[in-house]
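The values are calculated or read from the model by the stated rules, or taken from the named source; none is laboratory data. Everything numeric in this text was worked out from a predicted model, so none of it was measured. Cβ coordinates were reconstructed from backbone atoms using ideal geometry, including for glycine residues, and neighbour counts include every protein chain displayed. The area values use the complete protein model at the heavy-atom level, side chains included, leaving out ligands, DNA and RNA. Shrake-Rupley method; radii C 1.70, N 1.55, O 1.52, S 1.80 Å.
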Amino acid sequence: VIDGLNENTSLPNFENHIKQSINELIQLPFIKIIMTTRNELLEERFGRLTQENLGETFFRMDMSGRREERFGERIFEGYLRYFDVHIVRESLLESTYELLTSDTLLLRFFCEVNRGKRQVYMYDVYKYALFNQYYENKKSEMKSKNIPEGEVLFEQLINTICKYMVDNKVYNNVPRDVLSINEIQLLDILLEADVIFKEDQVVKKGFFDEYTEVLSFTFDEFRDFCITQYLLQKPDAQQSFPVIWD
């Protein structure tokens, strides 16, 4: 099992290495190979991993729409167990269950915020309160990790990214080079152990293939929360917010 092909950032020409490995492994009848990756930049990074190049035993399956009842139950119970969240079962409404099992990132945020809690009522998931608590928890984590001025730097990183998005009307694929050195160091810590951001490479087409490192919020709704917080906290918010809103 090779999980998260897209996570590799260190090995040049990674697609050819994978292709060569598969060609060797499929000669062994007692080995089955399962690989996973996100859909972003799938063709650009792994477009040559096809039946045409690897033979009829190779099959690509798009899992983005597969949400069977049993799968949802396993995800829901697995997250609760991992984060040690104990819910009041009789309070769990079907609509709440459907919301959390259909959106794994929302489930992750919910479980992180309620880690170790007992008697959690499940009548609804209040996203504003959830995102607000998640944000505050992450600020506190930066302090507990002994990162110098970690709480301030965390807010600074979020606000720098949100400012770029608002100023340029671009809401994903923010270039890393808009960040300061300290912000990049904190970003790398978050990318390694968290789900707030995801990093990708954008291929610039032309005479030469060039790659630009960019980042995005993993969860669009949390991005929208952060952008809203940034806009409302600006010193001139009373004047600027109605203009931006309009």
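Taking Cα centre as origin and charging only the Cβ of basic (Lys, Arg, +1) and acidic (Asp, Glu, -1) residues, the dipole magnitude of the chain rounds to 380 debye. Pairs of Cα atoms nearer than 8 Å and 6+ residues apart set the relative contact order; for the stretch 65-205 it is 17 percent.
Here the stretch 91-224 is treated with +1 on each Lys and Arg Cβ and -1 on each Asp and Glu Cβ, and its dipole about the Cα centre works out to around 280 debye. Estimated from helices alone, the mean residue ellipticity of the chain at 222 nm is -16000 deg cm²/dmol (sum of -39500 (n - 2.57) over DSSP H runs with n ≥ 4, per residue). Between ASP167 and TYR82, the simple spin-label model (points 7 angstrom out along Cα→Cβ) gives 3.7 nm. Here the stretch 58-157 exposes an accessible surface that is 50 percent carbon and sulfur, computed with a 1.4 Å probe and the other protein chains kept in place. In the full protein context, the stretch 83-172 carries 55 Å² of accessible surface per residue, based on a 1.4 Å probe and ignoring ligands, DNA and RNA.
Cβ-Cβ distance of THR50 and ILE184, R₀ of 30 Å, FRET efficiency by 1/(1 + (r/R0)^6): the value works out to about 0.25. Among TYR123, PHE219, ILE161, flag the residue with its Cα farthest along the positive direction of the charge dipole of the stretch 90-240, charges on Cβ as +1 for Lys/Arg and -1 for Asp/Glu. Looking along the dipole axis, the top candidate is TYR123.
With 29 Å as the limit, the listed pairs LYS117/LYS234; LYS139/LYS169; LYS32/LYS138; LYS145/LYS169 have LYS117/LYS234; LYS32/LYS138; LYS145/LYS169 beyond it between alpha carbons.
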